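In what follows, a single structure is set out as structure tokens and then discussed.
What follows draws every value from the coordinates through simple rules; no lab data is involved. Predicted model, so just to flag it, every value in this text is computed and none were measured. All Cβ positions, even for glycine, are placed from backbone atoms using ideal geometry, and neighbour counts span all protein chains on display.
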Amino acid sequence: MAFPVGEEYDQGSPMKAEVVVARQPILDRQGLVVAQELLFREAGDDIARIQDGYSATAAVVERTLGVLGIEYVLGHDDGFLNCTGDFLFFGAVDVLPPSRFVLEILEGTGLTDELAARCDELRLAGFRIALDDVRSLTPDIERFLPHVDIVKLEWPYLAPEEAAYAIERCKRAGKRVLAEKVEERSDHAAALQAGCDLFQGYYFARPQLLTASRTPSRFAAVFRVLQLLREEADGAHLEDALKHAPALVIQLLRLANNAARRRWSHAPITSIGQAVAVVGSKQLMLWCCLLLYGNPADLRFGHSPLAQLVQHRANFMERAAGELTPEDGDFHEAAWLCGLLSLAYISCEVTPERFFTDISIDIVIEEAIVEHAGVLGTLLTIAEHLEQGQFDAAFRQGRTLGAEFAGKIPSLAL
């Protein structure tokens, strides 16, 4: 049986590998930049195109921590991050360093008692909480003030008397006030005179786009997790490896909370180890594969044909290796890794040769992928023939490893 084939698997059409985060500076009363608000952008866009707030926030976190690097994005500044209620509740914030981030509660989020309690927990952990897009100090917002640190006032929408009232009430409650959407010199002067502590808007700077290509460093972290899962490593080693793969942790926590809800459990996920136990190692391995070949902001197994292809390829090569050397577990593992790595360069938009200059892997696997050399290279060639429905070519290639093995290729491909 042939593997799935078609235009969507075209190896000559690299997947989009450029990642983008936008940042807009936040200034203090002395005009010094003290923080950056991090914003979701797609490559090629200078405005946000957001359909799902959770996914947008998860993408910003993954790109900041896992690709661009927090020091590159923030330097010594703090980061302001837009957060949906789901993002705050369901554990993905656990991958963030609390001392570096202000979590903004988006406009329209219900200011419930449950959210208040969650904000208190996050503040105890070291995060600061901000209320975003406040246009008037409603009774609900005033009741919620004890649970936040910063109130962001949408400056163009507040009349002077409304602004004065809001600032006075916030200051009395011990909160800092940020004037956002400051677009004119006069707006800044008025907000400064009114007593605002922080300022943000086009008057100071438009959002700056930061871009980078996904590099194999991300693959190394995820592959480490994959290897530990296959080796059935203990929880401590697995948790340590996961900490180096932020996007995978985000998806793991999302999956864990979804699984917990399906089981009618209301207990929150409180650790990476608990999340792994809830999700299961097999499911986590599938998502590792997707993270290598899919879009981390929207990881859905059925929507990544490249991920499906390499899974078929890796599984076939592992089974084939088992037929060739039944007792050599290390060779079976190498065959599986060879299959899974064989198209990784596409996601990075580099050549196979360039990919292996940045990721450390056994030379036998590297030569199999780059040159189709050795037994692993032969198995890879057979897999490629099967994917294209070229059964005769696959059989001829298989005969170089023995007639008996070649005869088993059809059953191995199932």
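Odds and ends about this structure:
- Estimated FRET transfer efficiency when R0 is 56 angstrom, pair VAL33-HIS372 (beta carbons, to 0.05): 0.60
- Considered as an equivalent ellipsoid built on the Cα gyration tensor, segment 146-208 has semi-axes of 20, 14, 9 Å, the largest given first.
- Per-pair calculated FRET efficiency, R0 = 60 Å: GLU404 and ALA277 via Cβ, rounded to 0.05: 0.90
- Interatomic Cα distance distribution for segment 18-211, bins of 10 angstrom, percent: 9, 37, 38, 15, 1
- For the pair THR138 and THR351, the difference between a 0.36 nm per residue extended length and the Cα-Cα distance amounts to 71.0 nm.
- Exposure proxy for LEU81, LEU122, LEU106: other Cβ atoms within 10 Å of each Cβ, ordered fewest to most, give LEU106, LEU122, LEU81.
- Backbone N within segment 168-182 under 19 Å of label point (7 Å from ASP120 Cα along the Cβ vector): 173-175
- Around the Cα centre of segment 309-414, unit charges on the Cβ atoms of Lys, Arg, Asp and Glu (plus for the first two, minus for the last two) sum to a dipole of about 420 debye.
- Between HIS237 and ARG172, the distance separating the two model label sites (each 7 Å from Cα on the Cα→Cβ line) works out to 6.0 nm.
- Considering only segment 18-211, percent of DSSP beta bridges that pair antiparallel, nearest 5: 35 percent
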